[in-house]
Amino acid sequence: MNLLNLAEIMSKESKQDRLILGIDGLSRSGKSTFSQRLAKTFEAGDKNVQLLSIDDYIVEREKRYDTQYKDWEEYYFLQWNIVELRDSLFHQLKEEDELILARYDSQTDRHRKELVDMTKFDIVIVEGVFLQREEWKPVFDWVIYLHCPRKKRWMRESKATRRKIDKFQNRYWKAEDYYLQKVRPLEEADWIINT
């Protein structure tokens, strides 16, 4: 299925004023690239699209590193304030005309408030890892899961990053395994696209 067909199906079947799409997938599965291409496809059909990445809403380093939890638990459970994001972002996407979001700045390790005018958007695409967790999934009209084998995703990392294999084994991959086993995103998604 190509992006144009996918966009047409979603647009026709959506009964909401504002369509909320989730682009889920594990690290380096191609979520950002796919989301940008999908947004352009919708925009070519005269839809106004807001693209959000949950990576922009992570918490400060002290809240997600060197805590009392295991590395993978920090990544899965502490990387985002799950409940706050649910309440201040996800539950607001459909109805609110304005959102006040706390966008993370990695240079300062702080958040800055950002006002987003939602009135002009027909479609919101949210891309990120672990989107189908129970706290967030109900808000999405559709979820696309980008499936990519770990080995292929690993090869997409830079050589410098691949030297940090311990971090991946202890932090990222264990969290991904937990997500795959507990949430079962391949079974829960509306569409699966191999990347």
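Of these, Glu60, Glu73, which one is of a type in the set (Asp, Glu), out of contact with any helix residue (DSSP H, G or I) (no Cβ under 9 Å at 6 or more places or on another chain), in contact (Cβ under 8 Å) with a residue 40 or more places away in the chain and farther than 25 Å from Ala39 by Cα? Break it down into steps so the answer makes sense when it comes.
Numbers: Glu73 fails: out of contact with any helix residue (DSSP H, G or I) (no Cβ under 9 Å at 6 or more places or on another chain).
After applying the criteria, what remains is Glu60.
Where in segment 100-182 are there strands (runs of 3 or more DSSP E), lying fully within it, with 1 or more residues that are at pLDDT below 95 and of a type in the set (Asp, Glu)?
Values: elements: 110-117, 123-128, 142-147.
Where strands (runs of 3 or more DSSP E) fall fully within segment 100-182 and carry at least 1 residues being at pLDDT below 95 and of a type in the set (Asp, Glu), they are 110-117.
Conditions: (1) assigned to a helix (DSSP H, G or I); (2) of a type in the set (Lys, Arg); (3) under 16 Å from Gly22 (Cα atoms). Lys94 meets all but one. Number of the miss?
So Lys94 meets the others, but not (1).
For segment 144-179, give me each residue that is of a type in the set (Asp, Glu) and under 18 Å from the mean Cα position of the chain (by Cα).
Step one: of segment 144-179, the residues of a type in the set (Asp, Glu) are 157, 166, 176-177.
Passing the criteria: Glu176, Asp177.
Condition check: touching a Gly at 6+ places or on another chain (Cβ under 9 Å), over 16 Å from Leu51 (Cα atoms), touching a residue at least 12 places away in the same chain (Cβ under 8 Å) and crowded, with 18+ Cβ neighbours inside 10 Å. Does Trp80 satisfy that?
Working: touching a Gly at 6+ places or on another chain (Cβ under 9 Å): yes; over 16 Å from Leu51 (Cα atoms): yes; touching a residue at least 12 places away in the same chain (Cβ under 8 Å): yes; crowded, with 18+ Cβ neighbours inside 10 Å: yes.
For Trp80, the condition - touching a Gly at 6+ places or on another chain (Cβ under 9 Å), over 16 Å from Leu51 (Cα atoms), touching a residue at least 12 places away in the same chain (Cβ under 8 Å) and crowded, with 18+ Cβ neighbours inside 10 Å - is met.
Of (1) under 30 Å from Lys159 (Cβ atoms); (2) out of contact with any strand residue (DSSP E or B) (no Cβ under 8 Å at 6 or more places or on another chain); (3) not aromatic (Phe, Trp, Tyr), Glu84 satisfies all except one. Which?
Checking Glu84 against (1) under 30 Å from Lys159 (Cβ atoms); (2) out of contact with any strand residue (DSSP E or B) (no Cβ under 8 Å at 6 or more places or on another chain); (3) not aromatic (Phe, Trp, Tyr), the one that fails is (1).
Among (1) more than 22 Å from Val143 (Cα to Cα); (2) part of a helix (DSSP H, G or I), which single condition is Lys40 missing?
Result: Lys40 passes all but (1).
Just for segment 156-176: of the residues that are in contact with a helix residue (DSSP H, G or I) (Cβ under 8 Å, 6 or more places away or on another chain) and surrounded by fewer than 15 Cβ atoms within 10 Å (Cβ to Cβ), which one is nearest to Leu38 (Cα to Cα)?
Among residues in segment 156-176 that are in contact with a helix residue (DSSP H, G or I) (Cβ under 8 Å, 6 or more places away or on another chain) and surrounded by fewer than 15 Cβ atoms within 10 Å (Cβ to Cβ), the one nearest to Leu38 (Cα to Cα) is Arg162.
Considering only residues that are hydrophobic (A, V, I, L, M, F, W, C) and not in a helix (DSSP H, G or I), look in segment 183-195 and name the one that is surrounded by the fewest Cβ atoms within 10 Å (Cβ to Cβ).
To start, the set of residues in segment 183-195 that are hydrophobic (A, V, I, L, M, F, W, C) comprises 183, 186, 189, 191-193.
Pick out the ones that are also not in a helix (DSSP H, G or I) and you get 183, 189, 191-193.
Numbers: Val183: 17, Ala189: 23, Trp191: 13, Ile192: 15, Ile193: 18.
Among residues in segment 183-195 that are hydrophobic (A, V, I, L, M, F, W, C) and not in a helix (DSSP H, G or I), the one surrounded by the fewest Cβ atoms within 10 Å (Cβ to Cβ) is Trp191.
From the residues in segment 7-37 that are in a helix (DSSP H, G or I), touching an Asp or Glu at 6+ places or on another chain (Cβ under 9 Å) and modelled with pLDDT under 95, which one is surrounded by the most Cβ atoms within 10 Å (Cβ to Cβ)?
Across segment 7-37, the extreme among qualifying residues is Met10.
The values are calculated or read from the model by the stated rules, or taken from the named source; none is laboratory data. Keep in mind it's a predicted model, so treat the numbers as computed, not measured. We place every Cβ from the backbone using ideal geometry, glycine too, and count neighbours over all the protein chains shown.
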